[in-house]
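Trainee: Quick one: this structure, given as structure tokens, is what I'll be asking you about.
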Amino acid sequence: MKGAGMNRIDQRFATLKDQRRTALIPYITAGDPGPAHTVGFMHALVEAGADVVELGMPFSDPMADGPVIQKACERALKHDVRLTHILAMVEEFRRNDDETPVVLMGYLNPMERMGLQAFAEQAAASGVDGVLVVDMPPEEADEIAPLFKEHHLHSIFLVAPTTSKERAAIICAHGEGYLYYVSLKGVTGAANLDVASIEHQLDSLRQLTSIPLCVGFGIRDGDTAAAVGQVADGVIVGSALVSRIAENCDRPERASDELKALMSEMRQALDA
């Protein structure tokens, strides 16, 4: 369990800034393809160069996610994976890794069912560093944000290409850890990145905040990671990894190797 010191996310980004390196942030869905494999996947991702791990909390109606992550949620939910199981996974991960930041990403409903106070307490106790609640904008975070703060959990928010400057200013004022900039209009796993447009948007956001700006949606290989990494503080990759798990559902060792291969390719591309 972490104390009241500096949040691991802030520590990690401070180190990366000193090293002039771009953060590589993989996303996988907890419990996909089965609960026994998640912690091993997390360690594999870190071994291959991940700086922060985003762990998806499976939900029956993941409206911002494309088909790849929706199916991952379905696979996890077949095993009845719940928040308590996910927090146990983080706790197990922490037995061998007390440094890599872990961010939970998902929807408000499961947290409300568990009880927001209980969730914040148990997330902090298990070693979670930040939470990104997709369907909770800062304007509606009055109840949950102070709970997170009290337990040293960062509230991480999304900003989209369609977000107005006024709204972006509100989001930036509330955001902690890093901002998740959604590079595309659409769901996760879509294609066609416009790096010039991303750079322009990030320049605008840098006038509003000094926290790291990380870009997700549409990053699928070393080339796209490197292109975005030249303009962002971090790149977030989800669907490309989750696809590899989907292709190897019955061969988790092979899935682990595939995750490491893609992470290594991206890490090398970013560091080059």
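The values are calculated or read from the model by the stated rules, or taken from the named source; none is laboratory data. Computed from a predicted model, the values in this text were never measured in an experiment. FYI the Cβ positions are ideal-geometry reconstructions off the backbone, even for glycines, and counts take in every protein chain you see. Accessible surface is based on the protein model in full, side chains and every heavy atom, while ligands, DNA and RNA are left aside. Shrake-Rupley method; radii C 1.70, N 1.55, O 1.52, S 1.80 Å.
Trainee: Quick query: amide H of M105 versus all other amide H atoms, modeled in the peptide plane; which residues come in under 5 Å with a sequence gap of 5 or more or a different chain?
Mentor: Placed amide hydrogens put L55, G56, M57, L132 under 5 Å from M105.
Trainee: Spelling out what I want: for every residue of the range 8-16, take phi, set θ = phi - 60°, compute 6.51 cos²θ - 1.76 cosθ + 1.60 (Karplus), and round to whole Hz; glycine and proline get x.
Mentor: Once θ is set to phi - 60°, the couplings for the range 8-16 become 4, 5, 4, 4, 5, 5, 5, 4, 4 Hz.
Trainee: Can you pull out the trypsin sites (Lys or Arg not before Pro) in the range 1-92 whose DSSP state is coil and whose Cβ has at most 11 other Cβ atoms within 10 Å?
Mentor: Listed in order of number, the matching sites are R20.
Trainee: Sticking with this one: Carbon-plus-sulfur fraction of the accessible area of the range 164-272, 1.4 Å probe, in percent?
Mentor: 46 percent
Trainee: List the relative contact order of the chain as a percent without decimals, with contacts defined as Cα pairs under 8 Å and 6+ residues apart.
Mentor: Relative CO of the chain lands at 23 percent.
Trainee: Please give the calculated 222 nm ellipticity per residue for the chain, where each DSSP H segment of at least 4 residues contributes -39500 (n - 2.57) and the sum is spread over every residue; nearest 500 deg cm²/dmol?
Mentor: That comes out to -14500 deg cm²/dmol.
Trainee: Mind checking which of V39, G49, Q11 is farthest towards the positive end of the range 5-50's charge dipole, using Cβ charges of +1 (Lys, Arg) and -1 (Asp, Glu) about the Cα centre?
Mentor: Ranked along the dipole, the leading option is Q11.
Trainee: Go through 198-211, 83-96 and give me the packing order, highest mean Cβ count within 10 Å leading.
Mentor: Taking the mean over residues of other Cβ atoms within 10 Å, the ranking is 83-96, 198-211.
Trainee: Can you pull the one-decimal nm distance between simple spin-label points at Q117 and E143, each 7 Å off the Cα toward Cβ?
Mentor: The modelled label-to-label distance comes out at 1.2 nm.
Trainee: Please give the per residue accessible area of the chain, computed with a probe of 1.4 Å over protein heavy atoms only, in Å².
Mentor: 43 Å²
Trainee: Translational D (Stokes-Einstein, µm²/s) of the range 124-272 at 25 °C and 0.890 mPa s when Rh comes from the Kirkwood sum over C-alpha pairs?
Mentor: The diffusion coefficient I find is 148 µm²/s.
Trainee: Can you tell me the FRET efficiency between S264 and A173 if r is taken as the Cβ-Cβ distance and R0 is 25 Å, rounded to the nearest 0.05?
Mentor: The pair S264/A173 has a calculated efficiency of 0.10.
Trainee: Still on this structure, please answer the following. Taking +1 at the Cβ of each Lys and Arg and -1 at the Cβ of each Asp and Glu, which of L108, I144, T22 sits farthest along the dipole of the range 8-159 towards its positive end, judged by Cα position relative to the Cα centre?
Mentor: The one lying farthest along the dipole's positive direction is T22.
Trainee: If you scale each eigenvalue of the Cα gyration tensor by 5 and take the root, what three semi-axes come out for the range 74-121, rounded to whole angstrom and sorted largest first?
Mentor: Taking √(5λ) for each eigenvalue gives 20, 15, 10 Å, largest first.
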